[in-house]
1. Within the bounds of the stretch 229-242, is there any residue that is surrounded by fewer than 21 Cβ atoms within 10 Å (Cβ to Cβ) and aromatic (Phe, Trp, Tyr)?
2. Just to be sure before I move on: is Lys227 more than 14 Å from Ala157 (Cα to Cα), touching a residue at least 60 places away in the same chain (Cβ under 8 Å) and not polar (S, T, N, Q) in the structure I sent?
3. Being within 30 Å of Thr76 (Cβ to Cβ), touching a residue at least 24 places away in the same chain (Cβ under 8 Å) and in contact with a helix residue (DSSP H, G or I) (Cβ under 7 Å, 6 or more places away or on another chain) narrows it down to one of Val196, Val183, Val105, so name that one.
4. Could you check how many residues of the stretch 146-168 are polar (S, T, N, Q) and either part of a helix (DSSP H, G or I) or without any contact (Cβ under 8 Å) to a residue 12 or more places away in the chain (or both)?
5. In the stretch 196-287, which strands (runs of 3 or more DSSP E) lie fully inside it and hold 2 or more residues that are over 30 Å from Glu113 (Cα atoms) and in contact with a strand residue (DSSP E or B) (Cβ under 7 Å, 6 or more places away or on another chain)?
6. For the stretch 107-126, name all the residues that are hydrophobic (A, V, I, L, M, F, W, C), at pLDDT 75 or above and loosely packed, with under 14 Cβ neighbours inside 10 Å.
7. Residue pairs, Cβ under 8 Å, 6 or more apart or interchain, first in the stretch 134-145 and within 12 Å of Ile258 (Cα to Cα), second in a helix (DSSP H, G or I) and of a type in the set (Gly, Ala, Ser). List them.
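The values are calculated or read from the model by the stated rules, or taken from the named source; none is laboratory data. Just so we're clear, the structure is a prediction, and the values are computed from it rather than from any experiment. In this analysis, Cβ positions are derived from the backbone assuming ideal geometry, glycine residues included, and neighbour counts consider all displayed protein chains.
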Amino acid sequence: MILNRLLNWFGERPSWLRVCIAFVILVLLGAAACAFGPQPALTFFLIIPVLVLAAAGETAAGICFSFVVAALWLWTDLAPGPGRISLTVALWTDLARLAFLLVIVVETAKLHETFENQRALAPIDALTGLQNTQLFLETLRIEAERCRRHKRHLTLACIELNDFKALTEERGRKECDAVLKEVGNILRNAVRIEDVAARLGAQQFAVLLVEAAPESASAVLLRIRNKLEEAMQSHQWQVTFSIGAAVFQAPPASTDEILRETAKLMAIAKAAGKNALEERTIEQPAA
């Protein structure tokens with residue numbers, strides 16, 4: 001339980017802070033090894049910061065630290081004393097240890113990536129409570145077909161968080177999770193029960209307004225933008241938004257085309273500046 005809490009706490013720190021913490025631990029263990037002499041049991045613990053980094057997804061740092069640990073192991077094997085071995089044997093032994101450690105780092109990083117991918121494939125995003133990509137795309141396909149058949153409007157808005165990566169590096173994952181939760185709450189409370197809000201990626205969201213008149217859709221989107229801006233200012237989060245929204249009088253048969261049209265408008269919004277909303281009605285006859 002305590003170990004799990006420590007790992008969770010470590011994972012919530014910013015990337016630069018995780019590397020610094022691991023470096024401090026490595027320096028302390030190395031200093032202890034120098035102070036007490038080349039004790040194999042002590043130098044074994046040098047792999048702890050390496051494994052912790054790999055488990056947190058810091059693969060590159062884990063690999064770099066592996067070489068440092070291998071060098072310390074080599075120093076231990078060559079240090080004067082009754083257990084000293086020859087240079088050739090020490091090199092081969094520590095190369096094997098290094099290879100084994102690198103395999104562990106890479107495989108641990110793969111497990112971390114697999115876990116994140118599996119979480120992304122879940123129908124409901126655990127953090128925000130919104131639909132995830134897979135379920136949302138299926139919902140979009142069904143609603144687009146229904147609106148096309150009944151000649152009703154369909155509005156898709158894509159919302160992207162700007163400067164989110166910088167916030168992650170500066171304040172850590174815990175603070176960024178709070179931002180995402182707040183965005184999820186705002187979107188969920190802004191739409192009707194028949195509408196859909198989803199999280200499509202690490203910093204991208206979507207809102208699907210079903211059978212909403214263009215005027216109503218515009219009002220909802222403006223309210224969402226204002227609520228998002230107010231929330232970021234209230235919490236002093238240096239995050240802004242770009243919103244691209246396409247209002248289809250008759251949705252095209254392809255969901256890819258719907259997404260492409262919306263992505264174009266979001267790109268225009270990003271170019272227009274912070275907290276920009278680019279909305280356009282797409283007059284396209286049903287297929």
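1. yes
2. no
3. Val105
4. Count: 1.
5. Per the criteria, 204-210, 240-248, 276-282.
6. Leu111, Ile124, Ala126 - these are the residues of the stretch 107-126 that are hydrophobic (A, V, I, L, M, F, W, C), at pLDDT 75 or above and loosely packed, with under 14 Cβ neighbours inside 10 Å.
7. none
Yes/no matrix, rows are residues, columns are (1) surrounded by 14 or more Cβ atoms within 10 Å (Cβ to Cβ); (2) of a type in the set (Ser, Thr, Tyr); (3) touching a Phe, Trp or Tyr at 6+ places or on another chain (Cβ under 6 Å):
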| site | (1), (2), (3) |
| --- | --- |
| Phe248 | yes, no, no |
| Ser254 | no, yes, no |
| Ile258 | yes, no, no |
| Thr262 | yes, yes, no |
| Ala267 | yes, no, no |
| Lys270 | yes, no, no |
| Asn275 | yes, no, yes |
| Ile282 | yes, no, yes |
